[in-house]
1. Any residue at all in segment B:82-89 that is touching a Gly at 6+ places or on another chain (Cβ under 7 Å), more than 16 Å from DNA strand D (Cβ to nearest atom), within 14 Å of chain A (Cβ to nearest Cβ) and among the small types (Gly, Ala, Ser)?
2. Show the residue pairs meeting these rules: Cβ distance below 7 Å; 6+ apart or different chains; first residue within segment B:1-28 and hydrophobic (A, V, I, L, M, F, W, C); second residue not in a helix (DSSP H, G or I).
3. Please state which one of B:LEU175, B:LEU116, B:LEU149 is touching a residue at least 24 places away in the same chain (Cβ under 8 Å) and either closer than 20 Å to A:GLN136 by Cα or surrounded by fewer than 17 Cβ atoms within 10 Å (Cβ to Cβ) (or both).
4. For segment A:7-54, how many residues are under 20 Å from B:GLN12 (Cβ atoms), within 12 Å of DNA strand C (Cβ to nearest atom) and of a type in the set (A, V, I, L, M)?
5. Going residue by residue through segment B:67-74, is there one that turns out to be open to solvent by 10 Å² or more (accessible area, probe 1.4 Å) and over 22 Å from B:VAL171 (Cα atoms)?
6. I need the full set of residues from segment B:86-113 which are within 22 Å of B:PRO66 (Cβ to Cβ) and either modelled with pLDDT under 95 or more than 11 Å from the chain's Cα centre (by Cα) (or both), in order please.
7. Picking from B:PRO66, B:PRO35, which residue would you name as being away from DNA strand D (no atom under 15 Å from the Cβ) and either within 14 Å of chain A (Cβ to nearest Cβ) or of a type outside the set (Asp, Glu) (or both)?
8. Kindly indicate which of B:GLY51, B:GLY24 is among the small types (Gly, Ala, Ser), more than 14 Å from chain A (Cβ to nearest Cβ), within 16 Å of DNA strand D (Cβ to nearest atom) and open to solvent by 30 Å² or more (accessible area, probe 1.4 Å).
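The values are calculated or read from the model by the stated rules, or taken from the named source; none is laboratory data. Keep in mind that this is a model prediction, so the values were computed, not measured. Note that each Cβ is placed from the backbone with ideal geometry, even for glycine, and that neighbours are counted across all protein chains shown. Calculation scope for accessible area: heavy atoms of the full protein, side chains included, ligands and nucleic acids excluded. Shrake-Rupley method; radii C 1.70, N 1.55, O 1.52, S 1.80 Å.
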Protein chains: 2
Amino acid sequence: MAQAQALSSGLQQLTHRSIAAELGVTHALVVHYEPDIESLRARTCEALLMGEFDEVVGTLNGDADPVSNLSRVIGLMSRPGREDFAGVWLDGWSLGRRDAAAARAVRAMMDRWQGLVANMLSRGTGAGVFADVDPQECAWEIIALLDGLSAHTLVGYGDPQHYSARVAAPVEARLGLARGTLNATLAPVHGPH
Amino acid sequence: MAQAQALSSGLQQLTHRSIAAELGVTHALVVHYEPDIESLRARTCEALLMGEFDEVVGTLNGDADPVSNLSRVIGLMSRPGREDFAGVWLDGWSLGRRDAAAARAVRAMMDRWQGLVANMLSRGTGAGVFADVDPQECAWEIIALLDGLSAHTLVGYGDPQHYSARVAAPVEARLGLARGTLNATLAPVHGPH
DNA sequence: CGTGGTATTGACCACATGGTCAATATGGTG
DNA sequence: CACCATATTGACCATGTGGTCAATACCACG
């Protein structure tokens, strides 16, 4: 419902009337149940980002190998067709500029991602598979790279075919991995549902 | 004028009436001279980004050392107080989602930055100072990292004090430089005017 | 002087937004 | 049945937007 609309048209286009139209009711009714549209937007944003996160985490299910974990995350985040979620992130940042609550929510989501990656990194460094980096700091760098990628996606900068490799390369260098180790050619494993 | 307003309030808040108010005239007059506000926004965005670019390029004036060049760029882009320009980038990406012309303009700006960095990289690899990377690809990665940084800036994610180091670290790793080589503690050299 | 072009205005329009409010259905419970 | 809570509506409001238009003011030039 609201989430699909936000995905395809952007959070700012999510309005009492747009929801009402899709539901086939009056906008007054929507107002009745959702009196504060700003909050609805923030919550929708949060729900969408949380959904994406959970989906990715679900994909890692059971797999404990930090290399394949990282590879999968990179593959999923740089896959073609992720433009809509990139848009949600962008809307979230935009929203966070004026709405303190939204900013807090977005930061919390970023923390989740950072934690996920940091976890992989610390497992990898512990096992001696990765170079000895500070997992927290390095996770931040990877998140920043992925966020930059989202931005690029939205204005169609660069060839999407190269996205995965372009994220993988610097991460591999940072972790002392051989070139191509992290460049998953689109993870086949069941895929997101 | 218009640029200052876009910087402080965001491109979307740049409106016929907001300009008129600041100029102390009627909004009809503004319409008379600037009939298409969308185009004004796009042009303002472009001008601002171009201004930032030129300012940074100006700072490098005469210095041919790729290491100090890169270090300065990283320092400038991750300095505290750059939130407003980060906002312009964000607005640009946002604008580019629906306005094809704006997207083209933003992509052109990204190309400029990518070219600037690629140039540094190819000089560095040529001189054997940097590891042997593909300058074009690697420049892209660095740009993505900086763009991700801009996004983080806007929602206040992470400690701004660490921004510079966090960008420097992965780049150093990628280029085979010693830790800290690129972590300029705020370039003192005259500074941007 | 007056004639013409530019600067500037106020009044207006259509449209969309968030939101309120009183008035109805509608359906279950005592 | 009567009653009450909930669902739902249409009408309305203030505000903001982009934009048009006819009417002035003003100033230079012949």
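1. Kept after step one, since they are touching a Gly at 6+ places or on another chain (Cβ under 7 Å), are these residues of segment B:82-89: B:87.
Within this subset, residues satisfying the condition of being more than 16 Å from DNA strand D (Cβ to nearest atom) are B:87.
Subset that is within 14 Å of chain A (Cβ to nearest Cβ): B:87.
Next, only the ones that are among the small types (Gly, Ala, Ser) stay: B:87.
Checking segment B:82-89: at least one residue is touching a Gly at 6+ places or on another chain (Cβ under 7 Å), more than 16 Å from DNA strand D (Cβ to nearest atom), within 14 Å of chain A (Cβ to nearest Cβ) and among the small types (Gly, Ala, Ser).
2. Between residues of segment B:1-28 that are hydrophobic (A, V, I, L, M, F, W, C) and residues that are not in a helix (DSSP H, G or I), the close pairs are B:ALA2/B:LEU14; B:ALA6/B:LEU14; B:ALA20/B:THR26.
3. Just a single option satisfies the conditions, and that option is B:LEU149.
4. 4
5. Within segment B:67-74, none of the residues are open to solvent by 10 Å² or more (accessible area, probe 1.4 Å) and over 22 Å from B:VAL171 (Cα atoms).
6. B:ASP111
7. On inspection, the qualifying residue turns out to be B:PRO66.
8. Details: B:GLY51 fails: within 16 Å of DNA strand D (Cβ to nearest atom).
None of the others qualify; the one that does is B:GLY24.
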